[in-house]
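Chemist: Pasting in a structure now, in structure tokens, and then I'll have a few things to ask.
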Amino acid sequence: MPHSKRQKIGVIGLGIIGRGVTANLRSKGFQVFVWNRTPRPVPNFVGSPAELAEICDYIQIFVSDDEALLQTAHQLSEKLAPRHIVIAHSTVTPDSMRAAAEIVESRGARFIEAPFTGSKIAAEKGELVFYVAGDEATLQEARPILEASSKEIMKIGELGQATAMKIATNMVTAASVQATAEALGLIQALGLPLEKFVEAMKGNASHSTTLAMKMPKMIKRDFEPHFSTKHMLKDMQIANQLGLSNYLDLGVTAAARDQLLEQMQWGYGDDDFSAVARKYLPETESTGHEEPRLAEREEQTSAEATAPAPEVAPVLAQMSLPPSVAAAVVASAGAGEAKEAIPARRGFLTQLLRRARQLLKQPVSSKEG
């Protein structure tokens with residue numbers, strides 16, 4: 001990239017991170033144009049992704065999920081040319097990241113995968129860490145843009161692998177915050193001061209920057225979003241899908257996902273993901289706010305109890321098992337024919353996974369007659 005910082009940069013997605021990155025780019029002398037699905041009264045807001053591509057050679061994408069990333073890539077594609085570098089920062093499935101790259105590269109443009117770690121404060125301070133994948137020459141050209149909002153740029157490997165790394169790191173983050181929420185609940189139930197637990201954790205080997213930031217806010221029930229519940233839930237759903245397709249029983253990740261899902265069901269999807277502490281640290285004085293939500297939860301639980309159980313067939317399809325193994329797994333669960341749907345019960349998927357592993361290690365005999 002030319003050394004002039006007057007190079008025009010496009011930013012798509014003005015959420016928590018996109019806003020922080022935009023501010024950092026401008027503070028470092030870059031000329032930035034922006035687009036967001038919901039119009040914002042901000043400088044250099046353009047009418048569409050295609051218009052952004054007409055103006056800018058470098059485009060950073062900060063949209064939230066797989067569908068949004070692929071839709072954005074398609075919207076950009078009509079105006080993309082070899083002069084463009086598109087940098088995708090979304091946390092999505094590796095397959096979706098590779099699909100977005102194909103759309104961009106089919107127009108002769110270049111593509112960088114660059115999910116990041118760091119939330120609101122890191123984005124505002126320009127201290128994100130980018131996990132990147134892509135052509136080395138393209139990465140070098142785009143490096144000054146990434147450096148404007150980061151403290152480290154880590155090369156991971158091929159397209160799709162940087163996203164996998166981001167998902168894996170978020171598994172640890174979600175699990176550690178969930179465990180901390182439970183520990184705080186136990187400390188409170190035992191009548192111990194929560195502040196003493198925070199102090200004790202500072203000398204514990206498992207203490208981390210995340211816990212140092214989250215614990216005081218969890219105690220205060222301050223769930224202002226730095227990384228939202230809905231986005232962490234999406235990442236844990238991706239992690240569990242990847243685990244399932246690779247025959248891994250990700251029990252802790254599944255538990256973290258379920259607690260995040262519960263917060264979503266209670267209407268707290270836009271809160272910080274540390275809101276999982278809400279159920280373990282009830283307010284000492286009733287505000288009249290929680291009870292209606294709990295009543296709604298009871299109604300929902302009752303409805304779920306009478307609703308039809310999900311079918312296992314779609315789960316088997318996601319696992320990409322050989323047909324003979326899939327048939328044997330279903331048969332071993334007492335369903336008879338492989339194509340027959342069977343209801344998923346609590347713990348059933350774990351049993352299903354174990355059975356699949358066993359069958360993959362040994363020949364599956366067919367029964368005649």
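Chemist: Show the residues, 5+ positions off or on another chain, whose built amide H is closer than 5 Å to the amide H of Ile112.
Modeler: Here Val86, Ile87, Ala88 satisfy the definition.
Chemist: For the range 169-284, what log10 I(q)/I(0) values come out of the Debye formula at q = 0.14, 0.19, 0.22 1/Å, with one point per alpha carbon and no solvent?
Modeler: -0.56, -0.97, -1.23
Chemist: Can you give me the C-alpha center-to-center distance between the range 131-182 and the range 199-272, rounded to a whole angstrom?
Modeler: For the range 131-182 versus the range 199-272, the Cα centre distance is 18 Å.
Chemist: Given charges of +1 on the Cβ of Lys and Arg and -1 on the Cβ of Asp and Glu, with all other atoms neutral, how large is the dipole of the range 169-284 about its Cα centre, in debye to the nearest 20? Show your work: numbers first, answer last.
Modeler: Numbers: 11 positive and 13 negative charges, 26 e Å.
Using only the charged Cβ atoms, the result is roughly 120 debye.
Chemist: Next question, about the same structure. Report, by chain and number, residues whose modeled amide H sits under 5 Å from the one on Leu14, excluding near sequence neighbours (fewer than 5 apart, same chain).
Modeler: Here Arg37 satisfy the definition.
Chemist: Out of residues 5 or more away from Val34 or on other chains, whose amide H comes under 5 Å of its own, with H placed 1.01 Å from N in the peptide plane?
Modeler: Result for Val34 returns Val11, Phe45, Val46.
All of the numbers you see were taken from the coordinates with simple rules; none came from a lab. What you see is a predicted model, and the numbers here were worked out from it, not measured in a lab. No Cβ is skipped: glycine too gets one built from the backbone with ideal geometry, and neighbour counts run over all protein chains shown.
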